[in-house]
1. Hey, any hits in the range 274-289 for a residue that's in a helix (DSSP H, G or I), over 28 Å from A131 (Cβ atoms), among the hydrophobic types (A, V, I, L, M, F, W, C) and in contact with a helix residue (DSSP H, G or I) (Cβ under 8 Å, 6 or more places away or on another chain)?
2. Report whether or not G121 is among the small types (G, A, S), within 20 Å of A85 (Cα to Cα) and buried (at least 16 other Cβ atoms within 10 Å of the Cβ).
3. For the range 187-198, which residues satisfy the criterion of being buried (at least 19 other Cβ atoms within 10 Å of the Cβ) and among the hydrophobic types (A, V, I, L, M, F, W, C)?
4. From the set of residues in the range 290-333 that are without any contact (Cβ under 8 Å) to a residue 24 or more places away in the chain and part of a loop (DSSP other than H, G, I, E, B), which is nearest to the chain's Cα centre (by Cα)?
5. Listed residues V18, V25; which is crowded, with 18+ Cβ neighbours inside 10 Å and in contact (Cβ under 8 Å) with a residue 60 or more places away in the chain?
6. Checking W353 against (1) among the aromatic types (F, W, Y); (2) in a loop (DSSP other than H, G, I, E, B); (3) in contact (Cβ under 8 Å) with a residue 40 or more places away in the chain: exactly one of these is not met. Which one?
7. Can you tell me which condition P167 does not meet? The list is (1) within 21 Å of M122 (Cα to Cα); (2) in contact (Cβ under 8 Å) with a residue 40 or more places away in the chain, and all the others hold.
8. Does D67 satisfy the criteria of being touching a residue at least 24 places away in the same chain (Cβ under 8 Å) and assigned to a helix (DSSP H, G or I)?
Amino acid sequence: MRVGFIGLGKLGRDAAEVLAEQHEVVGYDPNVNVPGLSGTLEEACKDKDVVLIAVQTPHDPKYDGKDPTSHLPPKEFDYSYVIEATKQVDALVNKGTLISVISTVLPGTMRRDVVPHVKNGMFIYNPYLIAQGTVKWDMRNPEMIMIGTEDGNESTITHTLRDLYDPILNQVAPRYVIGTWEEIEALKVFYNTFISTKLALVNMIQDTAMSVGHMNVDVVTDALKDSKQRIMGPSYMKAGFGDGGGCHPRDNIALRVLNEKYKMGYDLFDAIMKAREEQAANMARYCLQFQMPVVILGKAFKPGIDQTAGSPSMLVGWYIEKLGNQKVYYDKAPDGKAYTFLIHDKGLIPETWDNPGSCIIDPYRELGPVKNHVVKHYGNTR
């Protein structure tokens, strides 16, 4: 198929490169040039079977989740980029070309803010479940492929997307979910909220273990994650840090707008974010009780990447600095003195610990004894 891909940023580039393995893809991003893939905007739009729009819908940086956010007022995403990209693409595509928006939005956005600008092409909403560091694997092995149409029904345009994705998949029978624009918008953001909720709940068990004593949180969560009759699956059932990244915290924050707009009478989204923050504060207080400077091994929001947006370890660091009135060091100790080390990225654990008298806090509860250091398994008070 002849494919245009608009937006070659931190997620878009890898997604476009996977599609280019099976299709003729021309990408466009005013800020990124990918040899062998990039072209002009017109080249990415003209004579294409489908044009995918993967531009950002950013949140105010204050809301990304590496600092507390629950005290801030609800705030919507910025849709100006996706609206402008849709206008520009629609003006350049051939009549009837399929225009597919991938960007994450709140329910109601496509019908209200984006679709009115589509005059020339045919519109579909098709967000991805991909994560930084695993985009190419996620593209080939999706948990589901979400397709939103005006009426929620299968049609020629949904079949076009099946023809686009089927050749790149490692699955024999991929799961396609077809719904209205609003249903697919909701599915994408609530998928992220569900993960945030699971992590908040297992970290509540961790807080209980730290408060009550004689408990290893893993005994409880391991039993729960294998209880598949009523509780779904083992993923995100490891207590430790809260959720992070460029999607999960910000989606919960933005969803507070829906609660306020439609007067639902409760704000679970706010409660999830407050739980995330209090759990980070509890971990910070635990680190401070050893009365040494703190080094957090892992500043990025997850191992193997350099992105810090929504970093749960930086949120803990924020509380350490606020509550302990001291500087937090990240990724390695500045010298050989004694520190309190908090492990976030296991890949940053040194082969040899060279800070005698230090305390090492392991929220994964895996590290064995270390000579001349005290090891604490956070969440295990047996």
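The values are calculated or read from the model by the stated rules, or taken from the named source; none is laboratory data. Predicted model only: the values in this text are computed from it and were never measured. No Cβ is skipped: glycine too gets one built from the backbone with ideal geometry, and neighbour counts run over all protein chains shown.
1. yes
2. When the stated conditions are applied, G121 passes them.
3. Answer for the range 187-198, where residues must be buried (at least 19 other Cβ atoms within 10 Å of the Cβ) and among the hydrophobic types (A, V, I, L, M, F, W, C): just V189.
4. D306
5. The conditions single out V18.
6. Exception for W353: condition (3).
7. Every condition holds for P167 apart from (1).
8. Details: touching a residue at least 24 places away in the same chain (Cβ under 8 Å): yes; assigned to a helix (DSSP H, G or I): no.
Spelling it out, it is not the case that D67 is touching a residue at least 24 places away in the same chain (Cβ under 8 Å) and assigned to a helix (DSSP H, G or I).
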